[in-house]
1. Do we have A:VAL68 as in the same structural domain as A:THR168 (by TED's automatic domain parsing), touching a Pro at 6+ places or on another chain (Cβ under 9 Å) and surrounded by 21 or more Cβ atoms within 10 Å (Cβ to Cβ) here?
2. Go through region A:164-211 and report how many residues are of a type outside the set (A, V, I, L, M, F, W, C) and closer than 23 Å to A:LYS149 by Cβ.
3. Scan region A:67-90 and give yes if some residue there is assigned to a strand (DSSP E or B) and farther than 23 Å from A:GLY178 by Cβ, otherwise no.
4. Go through region B:112-123 and give me each residue that's within 19 Å of B:ARG37 (Cβ to Cβ) and within 11 Å of chain A (Cβ to nearest Cβ).
5. Taking region A:106-125 as the search range and keeping residues that are at the interface with chain B (Cβ under 7 Å from one of its Cβ atoms) and part of a loop (DSSP other than H, G, I, E, B), which one is farthest from the chain's Cα centre (by Cα)?
6. Search region A:148-176 for residues being of a type in the set (Asp, Glu) and closer than 19 Å to A:VAL108 by Cα, and hand back the single one that is nearest to the chain's Cα centre (by Cα).
7. Would you tally the residues in region B:27-72 being in a loop (DSSP other than H, G, I, E, B) and either in contact with a helix residue (DSSP H, G or I) (Cβ under 7 Å, 6 or more places away or on another chain) or not small (Gly, Ala, Ser) (or both)?
8. So, of the residues in region A:201-210 that are more than 24 Å from A:LEU78 (Cα to Cα) and not basic (Lys, Arg), which turns out to be nearest to the other protein chains (Cβ to nearest Cβ)?
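The values are calculated or read from the model by the stated rules, or taken from the named source; none is laboratory data. Here the structure is a predicted model, which is why all the values come from computation and not from measurement. FYI the Cβ positions are ideal-geometry reconstructions off the backbone, even for glycines, and counts take in every protein chain you see.
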Amino acid sequence: MAIIEVTGVRKTYAGRDVVDGVSFSVDEGEIFGILGPNGAGKTTTVECVEGLRIPDAGTVRVAGLDPVADHDRVTRLLGAQLQESELQAKLTVREALELYAALYPAPVDWRPLADRLGLTDRLSTRFAKLSGGQKQRLFIALALIGDPKVVVLDELTTGLDPRARRDTWKLIEEIRDGGVTVLLVTHFMEEAQRLCDRIAVIDRGKVVALDTPAGLIRQATGSTVISFAPSRPLTGPDLARLTALPGVASVTPPDREGALTVHGTDETVTPFVSLLAGLGVTARRLRITETSLDEAFLDLTGQDA
Amino acid sequence: MPTETTTAPATAPTPRVTRRRGPAAAVLIAETRLFLREPGNLFWIFAFPSVLLVILGFIPAFKEAQDDLGGRRVIDLYVPISILLAMITAAVQAMPPVLTAYRERGILRRMFVTPVRPSALLSAQILLHGAACLASALLVTAVGRIAYGVALPEQLPGYLLALLLAVAAALTLGSMICAVSRTAKAATAFGTGAYLVMMFSAGVWLPVQAMPDALRRIVEITPFGAASQALQQAASGSWPGWIHLGILALWTVVLGIAAARLFRWQ
């Protein structure tokens, strides 16, 4: 069942469509990723979900409620970690947790929450003195403190070291396992691939793909990568026949060690093997791999690496 | 999210129970703590006006009755002036950078996505700065009375009314500075500019009552010039002129409406 529904949302700033007809729906209990390059409109989209921005067109529903008209009720269901927000510099961790707990009608007990987030030994530390990772963990705690049904996490792991990032991922999975739906904004491919049940790829304000991580990889052109070193150099006509095989997107000329790379699909593999047999060529160092989500992403968003 | 069972056997030690406070009260308590953690602001708002009064009292001529002041002494005039100085410092100098930083650093946005409106945060700050002004006023009055025998205001209700209107005008002026300042730095710059002008009009350097007529008529139109006149009149026993009280009220309304319209959350 969908807990977040975004339909045809459009937001224009200074004549530019920052969000241009974005639609997606997030099912209860899933981790839904919004992936896209910087400036693609990811944050603006989730700010419409949080009620921080009013869409110029389209509708947003959180558990059937309008985040602008029913803002008060939505804030009780939805916890948010915002990109680039801070707390009062001299507020301690304990005071922040107590304060935010008092803002909600039925908060969770902040002590076990702080414990789970590794904040217990930082309770008397002022916000300004926390490290980047500690600040992020505090913001996760504040997003969860009102016992929400949905949390929106915007660029949560930006600025964290690899270890802290992995710890945070584990935490997000625990949040989901606790029955909370997670809407995750990210530009890290690895993060999206590891965590998300489904991903909407947003580019220049539009959803360019929406699928599971594995599905996105399959959708990308040239998703099957065949690399091999032919036992003899291939002639021009040989290469032409190779390029003409079903599903082939591109053939990269031999590298210094004489290996060629063919970008194709699943359909390419069998005809490829037959062609080589027909030509009397043996494929040395043959590797058939799937492209990474990284490359699928670059393909989907039409970006150069 | 389920983190712990909330029901415990009756024999188990009772877990510490968080006392439930209303959201607005919780915001006010947190902001009060933060307010008390700014020793600089506390000194300039709460202590400095009284210190200034004490220092001025060391000047012998200030303690002599003057005919052109209706038999009052200069030090008598400086009690209300020091109170106005506290208000200007709190509302125009101290408050705008705090509120502007709350917006600039996304603290208001963060509060916007909770069930409490960010206006709770602004109200708490305005209330605290107002309270600090009144506390400072009390201290200045006590110091004047004890150290230099300055008479307590003879027309007390009129004096209190003028005091409250002056605080309101000061706070709305400070709010207006927040509304037009994009950054905390800009708020500090605007605030400092306004601070000097307001100190002059309140009579910190030259009491309004001692200004030449033409200058005094101009200064009386400003919120603190009007406040200064109203407080002096009430201090010496007459009901403060309605024109002065009216000017103060008008400034409060105009600045308040403008600040509310111009203020942006993000």
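1. Details: in the same structural domain as A:THR168 (by TED's automatic domain parsing): yes; touching a Pro at 6+ places or on another chain (Cβ under 9 Å): yes; surrounded by 21 or more Cβ atoms within 10 Å (Cβ to Cβ): no.
No, not satisfied.
2. We begin by selecting, within region A:164-211, every residue of a type outside the set (A, V, I, L, M, F, W, C); these are A:165-168, A:170, A:173-174, A:176-179, A:181, A:186-187, A:190-191, A:193-194, A:197-198, A:203-206, A:211.
With the extra rule that they be closer than 23 Å to A:LYS149 by Cβ, the set shrinks to A:168, A:170, A:173-174, A:176-179, A:181, A:186, A:191, A:197-198.
Adding up the residues that qualify gives 13.
3. At the first step, the residues of region A:67-90 found to be assigned to a strand (DSSP E or B) are A:78-81.
Subsequent filtering for residues that are farther than 23 Å from A:GLY178 by Cβ retains none.
No, region A:67-90 contains no residue that is assigned to a strand (DSSP E or B) and farther than 23 Å from A:GLY178 by Cβ.
4. So the first thing to find is which residues in region B:112-123 are within 19 Å of B:ARG37 (Cβ to Cβ), and the list is B:121-122.
Residue satisfying the conditions is B:LEU121 alone.
5. Only one residue fits best here, namely A:ASP109.
6. Pass one, region A:148-176, residues of a type in the set (Asp, Glu): A:154-155, A:161, A:167, A:173-174.
Those left that are additionally closer than 19 Å to A:VAL108 by Cα: A:173-174.
Working: A:GLU173: 14, A:GLU174: 17 Å.
In this case the residue turns out to be A:GLU173.
7. Filtering region B:27-72 down to residues in a loop (DSSP other than H, G, I, E, B) leaves B:37-38, B:57-59, B:64-65, B:70-71.
Pick out the ones that are also either in contact with a helix residue (DSSP H, G or I) (Cβ under 7 Å, 6 or more places away or on another chain) or not small (Gly, Ala, Ser) (or both) and you get B:37-38, B:57-59, B:64.
Looking only at that region, the number is 6.
8. Ranking the qualifying residues of region A:201-210, first place goes to A:ASP203.
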